[in-house]
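Step one of this worksheet: look at the structure below.
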Amino acid sequence: MKTILYARVSTTDQTLDHQKTQAEQAGFVIDDVVSDHGVSGVSTRLRERPEGKRLFDMLRTGDTLVVRWVDRLGRDYADVTKTIREFMERGVIVRTVINNMTFDGATKDPVQMAVRDALIGFMAATAQANHEATKASQRAGIDAAKADKKKYLGRKPSYDRKALDAVLSMIEVGTNGTSEIAKATGLTRQTVIRIKQDPAKANTILSAWE
């Protein structure tokens, strides 16, 4: 039985090494890593991703699939819930790094099954809502930047999109302190603190300069 980490890395996402480190810090012992790079999780089903196909072939009954969050497993609510249930039917345990959620199809108790299925639906819906909120925030930031493009932009931020996304991801996990985040991203503690205090403002400033 193996523990396999699946990671999706886009141009604005966390690096593969960072996601693996997060999983190990959460207590997972990873036997193998499967990752897709530059693939949109919003428009592409897991089975249609180059390494996603290999993941389905690799997983066996009794294996554990680790993902940073359930949004790595599908495009939207329906796709995520379908994918998790398919893995459970195959005897694969699905676990998340964030909040350490476990989805196991072994239970036959109807109450536990109902709770598990309700939790899957809630987590998938939350993932889709978070994605849509992020897109809306980014659009708002871009619109604000366009409206102010003739104005003085102020001091250029010391972080780029990749660094900002990494900081926000680590803040979301909640297991990293300010100093740890600063060290991991190469930013100063003061910069990390400002991002923590007002993520939307940090995104708007960066969008203006982009």
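So that you can scan it fast, the table gives a plain yes or no per residue for (1) in contact with a helix residue (DSSP H, G or I) (Cβ under 7 Å, 6 or more places away or on another chain); (2) modelled with pLDDT of 80 or more; (3) assigned to a helix (DSSP H, G or I):
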| residue | (1), (2), (3) |
| --- | --- |
| Glu51 | no, yes, yes |
| Thr61 | no, yes, no |
| Val80 | yes, yes, yes |
| Ala106 | no, no, no |
| Gln112 | no, no, yes |
| Thr126 | no, no, yes |
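Could you grab me the full set of residues in segment 82-99 that are on the phi > 0 side of the Ramachandran plot, among the polar types (S, T, N, Q) and modelled with pLDDT of 85 or more?
none
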Taking only pairs six or more apart or across chains, which ones have beta-carbon atoms under 7 Å, a first residue in segment 20-31 that is in contact (Cβ under 8 Å) with a residue 40 or more places away in the chain, and a second residue that is loosely packed, with under 14 Cβ neighbours inside 10 Å and in a helix (DSSP H, G or I)? Ala26/Asn100
Residue count, segment 158-193 (criterion: surrounded by 12 or more Cβ atoms within 10 Å (Cβ to Cβ) and farther than 25 Å from Arg68 by Cβ): 2
In segment 63-78, anything within 27 Å of Thr21 (Cβ to Cβ) and at pLDDT below 90 is listed as Arg68, Trp69, Val70, Asp71, Arg72, Leu73, Gly74, Arg75
Any idea which of (1) in contact with a helix residue (DSSP H, G or I) (Cβ under 7 Å, 6 or more places away or on another chain); (2) within 17 Å of His37 (Cα to Cα); (3) surrounded by fewer than 20 Cβ atoms within 10 Å (Cβ to Cβ) is the one Asp76 doesn't satisfy? (2)
Scan segment 63-81 and report the pairs whose first residue is more than 17 Å from Thr15 (Cβ to Cβ) and assigned by TED's automatic domain parsing to the domain that holds Val9 and whose second residue is of a type in the set (A, V, I, L, M, F, W, C) and in a loop (DSSP other than H, G, I, E, B), with Cβ atoms within less than 7 Å and a gap of 6+ or a chain change. Asp63/Met1; Asp63/Val92; Leu65/Leu59; Leu65/Val92; Arg75/Val42
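The values are calculated or read from the model by the stated rules, or taken from the named source; none is laboratory data. Small disclaimer: the values here were computed from a predicted structure and weren't measured. Please note: Cβ atoms are built from the backbone with ideal geometry, for glycine as well, and neighbour counts cover all protein chains shown.
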